[in-house]
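Contents: one structure, followed by commentary.
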Amino acid sequence: MFNDVGPLELVTLVVLAVLVFGPDKLPKVVQDVMRTIRKIREFSESAKQDIRNEMGPEFKDFEFEDLNPKTFLRKQLENEDLGLKEIRNGFDLKKEMAEVTDAVHSRESDSSSGSGASGGRVDMTKKPEESGHDTRPPFDADAT
């Protein structure tokens, strides 16, 4: 609950509590705060249990923390049934980026032959070869 409160901040809070409530009333205030926190926790646990009972037996494993989008996404990505680990392990980003860079700069990788065809890759820098005739149909102004 207080994971990010350091020792200096804790001492500061104690000193402020003593100054605000006084040393005589401070134990009573701490007891009242603890009792209120305990009642809130009991109320929330009771409400969670009521909701689980109303949802039925198919939701017996339901956790309210799963409603947090980050937790839900983390659990789904860690699920082994989807096969995401095999996809993640089979994908080599450096190799893919090198192939794209070679294609853009019209270089062939070491594994391809020197024949001008780059192993099924498309050379994006070459312009299509000019043919002797125009492949587009003539423009007909009356057709539009």
*Label Gln31 and Ala98 with points 7 Å out from Cα along Cα→Cβ: what is the distance between them in nm?*
7.3 nm
*How much accessible surface does Leu67 have with a 1.4 Å probe, in Å² rounded to 10?*
120 Å²
*Once you list every other residue whose beta carbon is under 12 Å from the beta carbon of Glu45, what net charge do they have if Lys and Arg are +1 and Asp and Glu are -1?*
+3
*Express the carbon and sulfur contribution to the solvent-accessible surface of the range 28-76 as a percent, rounded to the nearest whole number, probe 1.4 angstrom.*
60 percent
*Say R0 is 35 Å: what FRET efficiency, to the nearest 0.05, do Thr135 and His105 get from their beta-carbon distance?*
0.75
*asked:* Can you give me the distance in nm between label points at Glu9 and Glu63, each placed 7 Å from the Cα along the Cα-to-Cβ direction?
replied: 2.5 nm
*If r is the Cβ-Cβ distance from Val18 to Phe43 and R0 is 30 Å, what FRET efficiency results, to the nearest 0.05?*
0.50
*Excluding Lys75 itself, what net charge comes from residues whose Cβ is under 11 Å from its Cβ, given Lys and Arg +1 and Asp and Glu -1?*
-2
*Lys/Arg +1, Asp/Glu -1 at C-beta; the range 1-42 dipole; positive extreme among Pro23, Asn3, Thr36*: Thr36
*On the full set of protein chains, 1.4 Å probe, figure out the accessible area of Met97 and give it in Å² to the nearest 10.*
110 Å²
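The values are calculated or read from the model by the stated rules, or taken from the named source; none is laboratory data. In this text, all values refer to a predicted model and were calculated from it rather than measured experimentally. Glycine gets a Cβ as well: all are built from the backbone with ideal geometry, and neighbour counts include every protein chain shown. Side chains included, ligands, DNA and RNA excluded: accessible areas come from the protein's heavy atoms. Shrake-Rupley method; radii C 1.70, N 1.55, O 1.52, S 1.80 Å.
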